[in-house]
Amino acid sequence: MSIDATPDVLAGLDAWRDLPAAQQPEWPDRAALEEAVSTLATYPPLVFAGECDILRDRLADAAQGRAFVLQGGDCAETFAGATADSIRDRIKTILQMAAVLTYGASTPVVKLGRMAGQYAKPRSQNTETRGGVTLPAYRGDMVNDFEFTEEARRPDPNRLVRAYNASSATLNLVRAFTQGGFADLRRVHDWNRGFVANPANARYERLAMEIDRAMKFMAACGADFEAMHSVEFYSSHEALLLDYERPLTRIDSRTGLPYDVSAHFVWVGERTRDLDGAHVDFVSRIRNPIGVKLGPTADPDNVLQLIDRVDPHREPGRLTFITRMGAGKVRDVLPTIVEKITASGARPTWICDPMHGNTFESASGYKTRRFDDVVDEVRGFFEVHQELQTVPGGIHIELTGTDVTECLGGAGAIDDGDLHQRYETLCDPRLNQQQGLELAFLVAEMLTQRS
Ligand code: PEP
Ligand code: MN
């Protein structure tokens, strides 16, 4: 039986239109924008409402320490990067990391890709100047092209439709990879063996051996259950462009409630979490589990008001705070926030993004991050939660499945002089495959101490 949404619910979905919306492109061609939005409104959902509900339950488990979240993928996906190899490699890295984290946490790992929709970027400047020429900033493939020409940088609404198509193709392959045997735990474990076989990673041998013994034990017992063959894998992105998210928001026929069917989980970024802004209003009206990024200047009272807006019923799994304080600040700034929110009775899921508070420009001019800072912020995040007896529920990482050279350090000891070799990101620097896996081993060690 289908349940109709009330007129109030429908009107609410457009309330954001009367509020200030930060970080929206200035589309030069309004008619083309309207056409793209109407086209998106006719397209089928990328995810089902019921899947979003299951993810909400999984995130509720993470809030209580009964699961651990691994959210990861590109800073900015690109249309050119929506290839079979690139999608496979990213999934592979996330699965490899998840296997190690599952052992460390002794709980299921909730796998959440920054994938199949992460095509729009907030920017600190509206324009970019090179050699005396000023053009609109690159805002992600959903808006314009990275190439530095007037033509390429002009926002083109047809890109909203292309983003949907690229997301649809990506998600189709993600579903095939994660349901079709590729993700079998024994296979993932074999890939991980290669990592510790490298002498540079000898430090992780002990943990790897323990995992190996656990796998052999399961095999000896004849363990062969469904969860070994296929994995649940969810999609997520920043809900930045409301002209993309709104037409992909639909009323679920089972419940009569609105879901943003562009992804299972969407988050509001550090630059758009204004309490009275369009983004917070929009996400407060959809039923998907919602994330909100919190940077070092987040004010605890403001965060409490955010909870009242986005999660007024304090529903388990509804709201995830993705904290990105920076390694140097996390131990000073995070405790006040977590303490105040916990004292209010709210129980959001806490996830650590150790990437965005640790970005700087290297001497050679690349935007980069130090692997050690990334590790240190996660360590600080665990320490703070341990001290307050709250739950460190997961990590949020920018990563690739290949051997790019964008972040400094790790066992491969990438230094400033190496960055130019494979610096491929169009936005923020990502951990490469080896750095991602190394981080998973280090976080697994922290988790063994948690449980
Ligand atoms: C991002 O996740 O790429 C991003 C821009 O993050 P933040 O909103 O935390 O700055
Ligand atoms: Mn980023």
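Quick notes on this structure:
Each row is one residue, and each column tells you yes or no for (1) away from ligand 1 (no atom under 16 Å from the Cβ); (2) of a type in the set (A, V, I, L, M); (3) under 21 Å from GLN179 (Cα atoms); (4) touching a strand residue (DSSP E or B) at 6+ places or on another chain (Cβ under 9 Å).
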{"position": "GLY72", "(1), (2), (3), (4)": "no, no, yes, yes"}
{"position": "ALA120", "(1), (2), (3), (4)": "no, yes, no, yes"}
{"position": "ARG123", "(1), (2), (3), (4)": "no, no, no, no"}
{"position": "THR129", "(1), (2), (3), (4)": "yes, no, no, yes"}
{"position": "GLY140", "(1), (2), (3), (4)": "no, no, no, no"}
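- With respect to the conditions (1) within 16 Å of ligand 1 (Cβ to nearest atom); (2) small (Gly, Ala, Ser); (3) free of Cβ contacts under 8 Å to residues at least 60 places away in the same chain, GLY113 lacks only one, and its number is (3).
- Residue in the range 30-40 that is aliphatic (A, V, I, L, M), open to solvent by 20 Å² or more (accessible area, probe 1.4 Å) and without any contact (Cβ under 8 Å) to a residue 24 or more places away in the chain present: yes
- Among the residues making up the range 59-89, a single one is more than 21 Å from PRO289 (Cα to Cα), open to solvent by less than 10 Å² (accessible area, probe 1.4 Å) and in a helix (DSSP H, G or I): ILE87.
- Close Cβ contacts (under 6 Å, 6 or more residues apart or on different chains) running from residues in the range 351-366 that are within 21 Å of GLY72 (Cβ to Cβ) to residues that are among the basic types (Lys, Arg) and in a loop (DSSP other than H, G, I, E, B) comprise ASP353/ARG324; HIS356/ARG324; GLY357/ARG324; ASN358/ARG369; THR359/ARG369.
- Members of the range 340-388 found to be of a type in the set (D, E, K, R), over 20 Å from ASP428 (Cβ atoms) and surrounded by fewer than 15 Cβ atoms within 10 Å (Cβ to Cβ), listed by number: GLU387
- Residue list for the range 389-405, filter: crowded, with 24+ Cβ neighbours inside 10 Å, assigned to a loop (DSSP other than H, G, I, E, B) and within 15 Å of ligand 2 (Cβ to nearest atom): THR400
- Complete set of residues in the range 218-260 that are surrounded by fewer than 19 Cβ atoms within 10 Å (Cβ to Cβ), part of a loop (DSSP other than H, G, I, E, B) and either in contact with an Asp or Glu (Cβ under 7 Å, 6 or more places away or on another chain) or free of Cβ contacts under 8 Å to residues at least 40 places away in the same chain (or both): CYS221, GLY222, ALA223, ASP224, PHE225, GLY256
The values are calculated or read from the model by the stated rules, or taken from the named source; none is laboratory data. The structure presented is a predicted model; accordingly, all values stated were derived computationally and were not measured. Glycine also receives a Cβ, built like all others from the backbone with ideal geometry; neighbour counts cover every protein chain displayed. Side chains are part of the model used for accessible areas, which takes the heavy atoms of the whole protein and leaves out ligands, DNA and RNA. Shrake-Rupley method; radii C 1.70, N 1.55, O 1.52, S 1.80 Å.
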